[in-house]
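This report refers to the structure that appears directly beneath it.
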Amino acid sequence: ELKRPEPLEKSGDNDEKKTTGYTLDEFRNDVRSVLSDKKQYPLLVVSFSRHALGQTGDGHFSPVGAYHEASDQVLILDVARFKYAPYWVGVEDLYRALQEEDSVTHKPRGWFLLYPPKNHACQHQTQEDRRPVEVVPHVGDKDICPVSSIKIDFCKANPKSLHHQ
């Protein structure tokens, strides 16, 4: 089920406030409950406007990987890793990016709560290495991923890779 936020109020709109959609507090509660569930290991996937977060492009889907309650920020695990490394963004800022109207549906974007099948026997007991919180950039920070320079260095070192043979 796609959960849509309350629509943005448009300037000059004198209609009564629409009560359809989920509130910021309901979104924050979903963030907390999904990211603290250690039994079912659900996923929270957001459909948001990149433009509303000051990024290039517009409509985008990515999972939320963590919530830092003290700063009220979530960690977006951007699926376009070539473009954006994982980054922290405020819950209110993300909620506003969810409220942006989709150009195709003309409705607010939203979020999904995804759960594994009921009889899923997944192995979540392993301890995998994780990046420390300190090295995950905030939205708008300079990208710390060296992929661009690696590509440049690779191409310079391998001039044959620049020519199609």
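The values are calculated or read from the model by the stated rules, or taken from the named source; none is laboratory data. This is a predicted model, so every value here is computed, not measured. Please note: Cβ atoms are built from the backbone with ideal geometry, for glycine as well, and neighbour counts cover all protein chains shown. To get the accessible areas, we keep the full protein, side chains included, count just its heavy atoms, and leave off ligands, DNA and RNA. Shrake-Rupley method; radii C 1.70, N 1.55, O 1.52, S 1.80 Å.
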Next on the checklist: What pairs come out if I take residues in region 105-129 that are within 30 Å of P5 (Cβ to Cβ) and pair them with residues that are modelled with pLDDT of 90 or more and among the aromatic types (F, W, Y) whose C-beta lies under 7 Å away, six or more apart or interchain?
Outcome noted: R109/F48; W111/F27
Checklist entry - Where in region 35-82 are there strands (runs of 3 or more DSSP E), lying wholly inside it, with at least 1 residues that are hydroxyl-bearing (S, T, Y) and either modelled with pLDDT of 90 or more or over 30 Å from H106 (Cβ atoms) (or both)? => result 43-49, 59-68
Checklist entry - Quick check: anything in region 68-84 of a type in the set (G, A, S) and either in contact with a Gly (Cβ under 7 Å, 6 or more places away or on another chain) or open to solvent by 20 Å² or more (accessible area, probe 1.4 Å) (or both)? => result yes
Checklist entry - From the set of residues in region 88-107 that are at pLDDT 90 or above, under 18 Å from G59 (Cβ atoms) and not in a helix (DSSP H, G or I), which is most open to solvent (accessible area, probe 1.4 Å)? => result E100
